[in-house]
Amino acid sequence: MESCEVDTALEILVGKWKHKILFQLMTHDVMRFNELKRAIPGITQKMLTSQLRELESHDIVERKVYPQIPPKVEYSISEYGKSLQPVLDAMHEWGKNHTNHLNRAYAETNEQS
């Protein structure tokens, strides 16, 4: 029996921060840690580190360390990670359509009251 692989896909995207990290890295080719942290309001350094490591372990994000002092570390979407772009675009579009759907339903309910 074949299992539902949606769980596998969601494992990469689920959580409060991963999709926000991916959005930033797909919008910018390369970002340093502090740039990412500034671009994602509310994320802690510990959480950003943890989420980046998870994404890196799944080969979604690449981490490049430059041998200099102080150390310079850059993050980017891996070639493999770029295959998530159509999935994220589709989810964005669906989310936008869903919000519009709910707004219309809410407006209709208020008109009937």
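A few remarks follow.
- Accessible area in square angstrom per residue, region 17-92, 1.4 angstrom probe: 65 Å²
- Computed P(r) (all Cα pairs; region 64-105; 5 Å bins; percent): 5, 18, 12, 11, 11, 10, 10, 8, 6, 4, 2, 1
- 3J(HN,Hα) along region 7-21: 4, 4, 5, 5, 4, 6, 9, 6, x, 6, 10, 4, 5, 6, 5 Hz, from the Karplus curve 6.51 cos²θ - 1.76 cosθ + 1.60 with θ = phi - 60°, whole Hz, x for Gly and Pro.
- Largest-first ordering by accessible area, 1.4 Å probe, given options VAL87, VAL73: VAL87, VAL73
- Net charge of Cβ neighbours under 13 Å - reference LEU102; Lys, Arg +1; Asp, Glu -1: +1
- This model, with +1 at the C-beta of Lys and Arg and -1 at the C-beta of Asp and Glu, gives the chain a dipole about its Cα centre of some 760 debye.
- Rounded to the nearest 0.05, the FRET efficiency derived from the C-beta distance between LYS72 and GLU2 at R0 = 30 Å is 0.10.
- Radius of gyration, Dmax [region 1-98; alpha carbons; angstrom]: 14.5, 54
- Surface share of carbon and sulfur [accessible, 1.4 angstrom probe, percent] for the chain: 55 percent
- Rough spin-label spacing in nm, given labels placed 7 Å along Cα→Cβ, for ALA39 and TYR80: 2.2 nm
- Cα lying deepest toward the dipole's positive end in region 1-105, options TRP17, HIS101, PRO71, charges on Cβ: PRO71
- Across region 65-71, rounded Karplus estimates of 3J(HN,Hα) from the backbone phi angles (6.51 cos²θ - 1.76 cosθ + 1.60, θ = phi - 60°) give 9, 9, x, 8, 10, x, x Hz, Gly and Pro being marked x.
- Couplings for region 36-47, taken from phi via the Karplus curve 6.51 cos²θ - 1.76 cosθ + 1.60 with θ = phi - 60°, read 4, 4, 5, 7, 10, x, x, 7, 8, 4, 4, 5 Hz in order; Gly and Pro are left as x.
- Heavy atoms of TYR66: accessible area, 1.4 Å probe, square angstrom to 10: 60 Å²
- Alpha carbon centroid spacing (whole Å) that separates region 72-103 from region 3-68: 13 Å
The values are calculated or read from the model by the stated rules, or taken from the named source; none is laboratory data. Owing to the predicted nature of the structure, the values given are computational and were not obtained by experimental measurement. Cβ coordinates were reconstructed from backbone atoms using ideal geometry, including for glycine residues, and neighbour counts include every protein chain displayed. Only protein heavy atoms, including side chains, enter the accessible area calculation; ligands, DNA and RNA are left aside. Shrake-Rupley method; radii C 1.70, N 1.55, O 1.52, S 1.80 Å.
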